[in-house]
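Can you keep this structure in mind? I'll have questions shortly.
Bear in mind these aren't lab numbers, they're just calculated from the coordinates by the rules spelled out. Note that this is a predicted model, so its numbers are computed, not measured. Cβ: placed from backbone, ideal geometry, glycine included. Neighbour counts: every protein chain shown.
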Amino acid sequence: MSESGDDNSLDSLTDDERKQLHEFCEVTGTEDLGSAISVLKAKQWNLQSAIHAFYEPNSPTPIPFEPTLASEEYLHQSAGTSQLAESQLRRRGPRVLTDIVDSEDAEGRLNGEQQRSTARQVVRAPAFSWMPLLTWPFVLPWRISMVIVQSLLSLLGLRRIADDGVPRGSASEQASTLARQSAGSRGQTAADDARDFRLFFEETFGARHPPFFAGTYARALEAARREVKHLVLVLWSTEHDDAEAMGQALTHPEVVAYLSQPQFIVWAGNVARSEAFQVASTLEAAAFPFIALAALKPQSRLGAATGERFQLQLVARIDGLPKLSNAQSASESDRLARFICRLIGDSIALHEAELWEARQDQEAREAERRLREQQNAAYEASLARDREREAEARVLEEARRIERQKEEDRLRDVQRAREIREQWQWATLARLLLEEEQETAAGTDMCKLNLRLESGRRVVRAFPAGVQMQRLFDFVETRDVASQWESRGETPYGSDLHSVLPPEDYTHEYDFVLVSQFPRVVFADRQAILKDTLVANGMWPAATLIVEPLFEPDDDDDSVKDSEAKGGE
């Protein structure tokens, strides 16, 4: 909803305009208030023109009526019983008639012509008379009273009674009719009106009737256009005496079988409800019951330019019923049923070519639509496959990126661990070299050990008798960097051995043990004193020890250690 300053705001509408908007939305079933206000404003708040513009957006005038010979003849027949039909015939003007009904219809038409001729003779310019001068004191109070009564009825919402008078029937029937209409008009939608009319018709005339469309008038128009069918409109008024005869005709087996064909859509409504009343006003129904046939016909160039080549137009209509001698007799009901079927059938025959063209156009449009949908489906499927491939490629690339990242992180961690281990080796080697200098100067008791490294290399070295077994383990672990020290005479951290410090928060883990083969003794306690350990095993002052790994090394580790051993030698 727009703001209050917008042209289409409800706040800017008067009470009458709000009432027009409510009736427009109730008839059309639209919920878009902005569009409804725009249509009403475009039609100068003319409700009938706005409703017609909503139903037929491409037509500048209400649904046109193209009279057929049968419909003209029927209007002449009904002229004797309906002044509205007579006025409608006068507006349309005389047309050439053809005898397409039986002799009884011709007789009724002749009676209608005689009655219209008599009516034209009666409608003449009145001659001068003294009577009005004598009766005006009585007529004036009467007219003033009628104006007051009509105003009161209008205020009470009974404008229809004020205009047309009290309908015929008993007081109980009138009260029940008004109560039903009042109850049905409150809180009802157009679809509810169609359902209520069907229930009313079945309760009154039985379950045998044409298949009434269960929807609004706008939906019926749309279905007829979309499915290329004929639309039969039935407007009902319970206040007219002819409703009973029309109900008997609509339940006639011949009419029911004819209108039940798949080429028809039958929409019926009670003019006491707002939607049917607005439809009757739009179609200018002259009398009730009202039956009309709408068919698809080619539009003008202006209408065809908008994209719709065909438009629903009235091709036949029945305003009221002819004055029959006995409408309840079987012969009269049969004759009325045959007349309805013949009127609709002749109108269809006259426009069969146009309907066939409309169906061909609809089939062509449907084929084009299906082709377009297939092309769009194929295009969407191709796009979907491309998106799937792109998604799979992205997933695969992401997996590869993650694997590369993991490998890089692993190599970085391995490199970092190797650097930390190498720093520890250099710091341990510096400590061992400094301790050897002090032990050589002191001349301590020495033990000669023959060590066979894991690579197969043999190293003979003398160790002080009082050192711990840890000294032997550190000696073995520093053989990788000792060869570099011997060849270059400096460490990666400089030539000053005191400046080489071990890494912080690092605990070295030894992955080997020292063993002797004969007898086999495993030396795993690194805190034991070297001399005490060798004496206890009868190996003092010389012994041969083998470096034995705690687990089987990988091939890569073997190749790395072999290369380092060869480089050290």
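Going down the list Lys41/Lys297; Lys229/Lys297; Lys43/Lys229; Lys19/Lys41, which pairs span over 21 Å between their C-alpha atoms?
Exceeds cut-off: Lys41/Lys297; Lys43/Lys229.
I need the calculated FRET efficiency for the pair Ser35 and Glu368, taking r as the beta carbon distance and R₀ as 25 Å, to the nearest 0.05.
E between Ser35 and Glu368, to the nearest 0.05, is 0.30.
Still on this structure: Using 0.36 nm per residue, how much length does the chain from Leu433 to Ala257 gain when fully extended, once their Cα-Cα distance is taken away?
Once the chain is fully extended between Leu433 and Ala257, it gains 51.4 nm.
Give the peptides 483-494, 41-52 in descending order of average Cβ contacts within 10 Å, highest first.
Final packing ranking: 41-52, 483-494.
Note the full-extension length gain between Arg401 and Thr189 as 0.36 nm times their separation in residues minus their Cα-Cα distance, in nm to one decimal.
70.1 nm
What share of Cα pairs, in percent, lie more than 20 angstrom apart in the stretch 407-541?
That fraction is 53 percent.
If the chain between Phe200 and Asp511 were fully stretched, how many nm would it gain, using 0.36 nm times the residue separation less the Cα-Cα distance?
101.9 nm
Under Stokes-Einstein, with the Kirkwood radius over Cα pairs standing in for Rh, what whole-number D in µm²/s applies to the stretch 185-242 at 37 °C and 0.692 mPa s?
So the translational diffusion coefficient is about 256 µm²/s.
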